[in-house]
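In what follows, a structure is listed as structure tokens, so that the remarks can point back to it.
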Amino acid sequence: MPISTRLCLELLKAGSLPLSRFSAGALGALRTPRAAGLLREDRQGAGKVLNVLNPGGFQAWLVTEFPGILGGATGEGPRAANLALTRDSKRGARGVGCYAVLVRAHRVPGQLSPGARDAMAALVDSTRRWGGAALLLDLDPGGGPAAGPCLPEGVRVMTIENQTTFRRSEELEAHADVFLQPGSGGRMRKAFIQWLALQPTLRIIHYGDFDPVGLQEFTLLLAAMPGRVELFVPADIADRIKVFHNRGLLEHAASRAILAGLGRGLHPELDRILDLVAVHGPLEQEAFLVRTANPPNLR
């Protein structure tokens, strides 16, 4: 963005600002009001200032350039607000106002309360009919927890990174009741983790890549919900990692730094995986979708 609306408003209100406050791009963005005589550069002391010669004219130009700068246009969510202000959804505040989390469920656990059973039954029905459902969570522009519907109380929730594994979640129903795919690229939003943490009856099982990012995600969940989070480790992890490990995932310094920062003693399964990664290398979740003529020793 060549010039911030905040700087423009400050100039309009003050009537004059040091020229050093304006970058070359910002002065370029003000080329029209300067050429029209609404603004003028003047020397003041040892430096220069940018003076507003015609406040009414400059204000009218600002409203033409930034329709919502004086509150005349607003939008719901960061991108709509950007468009209202600058006519460009990507110019201004970043991000979106809501976040979709995919959900699947395959059965209704018997130990749940009546209300939780009804909610689970609805999720199971959606999964059977449509393949799944979606939770639409509202994101707090201040960085707080996401807001939206809560999961049924007392269920075991598995967060799954890989979409194909998520699609085949019925193969994992012995380990969890509700399956979530909360994002892409191995990263979960902080707001999503905070949203989970605010539901104290949930038990969380994380199933991600066995690489620096996937393991770091587990530690973030663990820190947010101590005593409520487990790491899902397939029974044949040792055999799979021996065959399908990928040391190339450690080529980037950032990945090596993440791995080095994963402390020991946080969780026994994490320690076990870190030992395997140290010997063989990281493993992507897709390794458990591989079928070969001579498969690893599955147990």
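How large is the translational diffusion coefficient of the range 5-65 in µm² per second when you combine the Kirkwood radius over alpha carbon pairs with Stokes-Einstein at 4 °C and 1.567 mPa s? Roughly 113 µm²/s, to the nearest whole number. Annotation: extensible slack from Thr164 through Ala254 equals 29.7 nm (criterion: 0.36 nm per residue apart, minus Cα-Cα distance).
Using the Cβ of Thr219 as centre and a radius below 15 Å, the other residues enclosed give a net charge of -2, where K and R count +1 and D and E count -1. Counting neighbouring beta carbons within 10 Å and listing from fewest to most, the residues Phe232, Phe58 come out as Phe232, Phe58.
Values [x] 1.45; [y] 1.13; [z] 1.40 are given for comparison; Cα Rg over 2.2 N^0.38 Å, derived from the coordinates here, is the one labelled [z]. P(r) tail for the range 148-289: Cα pairs beyond 19 Å make up 50% of the total.
Considering only Leu62, Gln44, Leu27, and ranking their Cα positions along the charge dipole of the range 5-65 that arises from unit charges at the beta-carbon of Lys, Arg, Asp and Glu, the one farthest toward the positive end is Gln44. Computed per residue of the chain from DSSP H runs no shorter than four, each worth -39500 (n - 2.57), the mean residue ellipticity at 222 nm is -10500 deg cm²/dmol. If R0 is taken as 51 Å, the Cβ-Cβ distance between Ala35 and Arg247 corresponds to a FRET efficiency of 0.30. Can you work out the FRET efficiency for the pair Glu153 and Glu286, with r the C-beta to C-beta distance and R0 = 30 Å, to the nearest 0.05? Computed FRET efficiency for Glu153 and Glu286: 0.35.
The relative contact order of the range 234-299, computed from alpha carbon pairs under 8 Å that lie at least 6 residues apart in sequence, is 59 percent. A Cα-only calculation for the range 98-207 places Rg and Dmax at 13.2, 39 Å. Against the main long axis of the alpha-carbon atoms of the chain, helix 55-65 sits at an angle near 30°. Between 0 and 90 degrees, the angle of helix 268-279 with respect to the longest Cα principal axis of the chain falls at about 80 degrees. The order of Phe22, Phe218, Phe179, Phe192, going from fewest to most other C-beta atoms within 10 Å of their C-beta, is Phe22, Phe192, Phe218, Phe179. The relative contact order of the chain, computed from alpha carbon pairs under 8 Å that lie at least 6 residues apart in sequence, is 11 percent.
Between the listed residues Gly281, Ser16, Gly148, the Cα displaced farthest toward the positive end of the dipole of the chain, a dipole computed from Cβ unit charges relative to the Cα centre, is found at Ser16.
Using only the alpha-carbon atoms, how far is helix 114-130 inclined from the longest principal axis of the chain? Give it as 0 to 90 degrees, nearest 10. Orientation of helix 114-130: about 80 degrees from the principal axis.
Dipole magnitude for the range 5-65: computed about the Cα centre from +1 point charges on Lys and Arg Cβ and -1 point charges on Asp and Glu Cβ, it is near 100 debye. Share of pairwise Cα-Cα distances greater than 17 Å in the range 234-299 is 45 percent (whole percent).
None of the figures in this text is laboratory data; all of them are computed from the coordinates on show. This one's a predicted model, so the numbers in the text were calculated from it and none came from an experiment. Positions of Cβ are generated from backbone atoms using ideal geometry, with glycine treated the same way; all protein chains shown enter the neighbour counts.
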